[in-house]
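K.L.:
Attaching a single structure in structure tokens format; questions to follow.
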Amino acid sequence: MTFQTRSTIPEEAATEGLLAVVIGRAVAAVQAAASVVGRWWATARGVVTPLGWGVVAAAAAALVIGYGWGWAELVVIGWGFGLLVALASAYLAGRGAGSIDLSLPVARVAVGEEAEARLVVRNPGRRRFAAARLELPVGDRVVAKVLPPLAHGAVFDERVAIPTRRRGIVEVGPVQTVRADPIGLMRREIEWSGVRMLHVHPRTIAVSPLSTGYLRDLEGTATRDLTISDISFHALREYQPGDDRRFIHWRSSAKTGTFMVRQFEETRRSRMMVVLDLAADAYDEEDDFELAVSAAASLGARAIRDARSISFVVSGRARSARRASDDGDRRRGPAMRELATASRDRLLDGLCVVETDARAAGLAETVRSASESVTGVSLAFLVTGAARPVAELRHAASRLHPGVEGVVVRCSAEGEAAARSIGALTVLDLGYLDDLRAMIARSASVA
């Protein structure tokens, strides 16, 4: 005997299940519709101008009032405005050219040199591309060009000049096409490229090799200074207490019957540091600071060209008295920062963006911090403005390590050139960048 069981679903439960399915599908449909409406709304906000929104609002109001009150004139006006909006939207149809390439033939130039951006537009499509407006942001301005109609396979090549009147980094791009109706109801912008960076380097001049300031180095050149430990042999002398026995010349000692030791000439190699003062109170005019940047850049570029060891230092932020008392000397950050000197371009790239700062550390504080951070320096150029008095220059030079030769370069645009010595400190006053070449050449010939 077999027993069969039969399960039954209550009518109320079946009804609730069906209702849940209907509600779920309705919610999903509403969400999908909201997503579509959201995308359309975002697109409309991006292309409809304020004038276009005014026309849309006027059309809606005219149709509502016209049909509601039976005014045929308002109905005609409403539909006319609606047709005008529809025709305006037709101007935005299609993406346009197949590709627009933006490039910089030369990515680094000096102040005053010619620079340009290149726009290449290609139409690989089968349809003829209608005329459009090209807009290219160049720094703080926008350059507009008219793109003519392009047939299949046609190419449009255009050059855009970039101003290089001042040192800095100029952002070029992104290039975009602008399509708009004649009335100005709708405007569509399409970006075709990224942003390109043009580095406008400070102006530099070629100066004479910097032959002053030497430190002992195994790869250096021999000098007249004598020592008992080096690689450039000079002569033999009698042994004295304290001499290293490793340098005893045994063959000569056997002949003379007296211990003889080798004597050497010191070999030395130049190591240089350039300190650029960024304090705003050091310069009377903006041109003075630009002259200082160019002078410091010329010195650094010369050292890099000569394959000399160089550290290029600029002022950091000054430490407040309150922070100094709270944190203590060990926790305070350096009042200087170093720029990259791996190559000439790397150094000049860093100098593109340096500016004066009212909160920058003073020259003496910068030199002190640089002397603590940079070791092995034998020659230091301190480049600053003519607003620095002689007392401050001497105070800053006193922060250099003993034995370091200090040269101060004070810059005053269109001022008189002068060279003088204040104690052991050499001060060069520049009015023009070419003055630096003459002064360095004179010092090189004297050396």
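The values are calculated or read from the model by the stated rules, or taken from the named source; none is laboratory data. Because the structure is a prediction, the values reported are computed rather than measured. Here the Cβ positions follow ideal geometry from the backbone for every residue, glycine too, while neighbour counts run over all protein chains shown. Heads up: the accessible areas ignore ligands, DNA and RNA and are worked out on the full protein's heavy atoms, side chains in. Shrake-Rupley method; radii C 1.70, N 1.55, O 1.52, S 1.80 Å.
K.L.:
Restricting to region 247-275, what's the tally of residues that are at pLDDT 80 or above and buried (at least 19 other Cβ atoms within 10 Å of the Cβ)?
P.N.:
Looking only at that region, the number is 6.
K.L.:
On to the next question. What number of residues within region 431-442 satisfy the criterion of being modelled with pLDDT under 90 and buried (at least 17 other Cβ atoms within 10 Å of the Cβ)?
P.N.:
Count: 2.
K.L.:
Of the residues that sit in region 328-371 and are open to solvent by 50 Å² or more (accessible area, probe 1.4 Å) and at pLDDT below 90, which one is nearest to residue 203 (Cα to Cα)?
P.N.:
Within region 328-371, the match that is nearest to residue 203 (Cα to Cα) is 334.
K.L.:
Just one of the numbered conditions (1) out of contact with any Lys or Arg (no Cβ under 9 Å at 6 or more places or on another chain); (2) assigned to a strand (DSSP E or B); (3) farther than 29 Å from residue 51 by Cα is not true of residue 166; which one?
P.N.:
(2)
This table checks each residue for (1) in contact (Cβ under 8 Å) with a residue 24 or more places away in the chain; (2) more than 18 Å from residue 310 (Cβ to Cβ); (3) in a strand (DSSP E or B); (4) out of contact with any strand residue (DSSP E or B) (no Cβ under 8 Å at 6 or more places or on another chain).
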| residue | (1), (2), (3), (4) |
| --- | --- |
| 375 | no, no, no, yes |
| 382 | yes, no, yes, no |
| 396 | yes, yes, no, no |
| 408 | yes, no, yes, no |
| 413 | yes, yes, no, yes |
| 426 | no, yes, yes, no |
| 436 | yes, no, no, no |
| 442 | no, yes, no, no |
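K.L.:
Could you list, in sequence order, all residues of region 377-403 that are buried (at least 17 other Cβ atoms within 10 Å of the Cβ) and farther than 21 Å from residue 284 by Cα?
P.N.:
Selection gives 377, 378, 379, 380, 397, 399, 400.
K.L.:
Here's a follow-up. Suppose we filter region 338-372 for residues that are in contact (Cβ under 8 Å) with a residue 60 or more places away in the chain and assigned to a helix (DSSP H, G or I); how many remain?
P.N.:
Residues that pass the stated criteria total 8.
K.L.:
Quick test for you: out of 136, 150, 198, 119, pick the one residue that is closer than 30 Å to residue 90 by Cα, modelled with pLDDT of 80 or more, surrounded by 12 or more Cβ atoms within 10 Å (Cβ to Cβ) and under 21 Å from the mean Cα position of the chain (by Cα).
P.N.:
From the options 136, 150, 198, 119, the qualifying one is 136.
K.L.:
What number of residues in region 153-179 are open to solvent by 50 Å² or more (accessible area, probe 1.4 Å) and either over 31 Å from the mean Cα position of the chain (by Cα) or free of Cβ contacts under 8 Å to residues at least 24 places away in the same chain (or both)?
P.N.:
Qualifying residue count for the region: 2.
K.L.:
Further question: List, please: which pairs have Cβ atoms under 6 Å, are six or more places apart or on different chains, and start with a residue in region 110-128 that is within 17 Å of residue 174 (Cα to Cα) and in contact (Cβ under 8 Å) with a residue 40 or more places away in the chain and end with one that is open to solvent by 80 Å² or more (accessible area, probe 1.4 Å) and of a type outside the set (S, T, N, Q)?
P.N.:
116/159; 118/159
Per-residue answers, yes or no, for (1) in a loop (DSSP other than H, G, I, E, B); (2) of a type in the set (Ser, Thr, Tyr); (3) open to solvent by 80 Å² or more (accessible area, probe 1.4 Å); (4) touching a residue at least 24 places away in the same chain (Cβ under 8 Å):
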{"site": "53", "(1), (2), (3), (4)": "no, no, yes, no"}
{"site": "58", "(1), (2), (3), (4)": "no, no, no, no"}
{"site": "61", "(1), (2), (3), (4)": "no, no, no, no"}
{"site": "64", "(1), (2), (3), (4)": "no, no, yes, no"}
{"site": "67", "(1), (2), (3), (4)": "no, yes, yes, no"}
{"site": "75", "(1), (2), (3), (4)": "no, no, no, no"}
{"site": "78", "(1), (2), (3), (4)": "no, no, no, no"}
{"site": "84", "(1), (2), (3), (4)": "no, no, no, yes"}
{"site": "87", "(1), (2), (3), (4)": "no, no, yes, yes"}
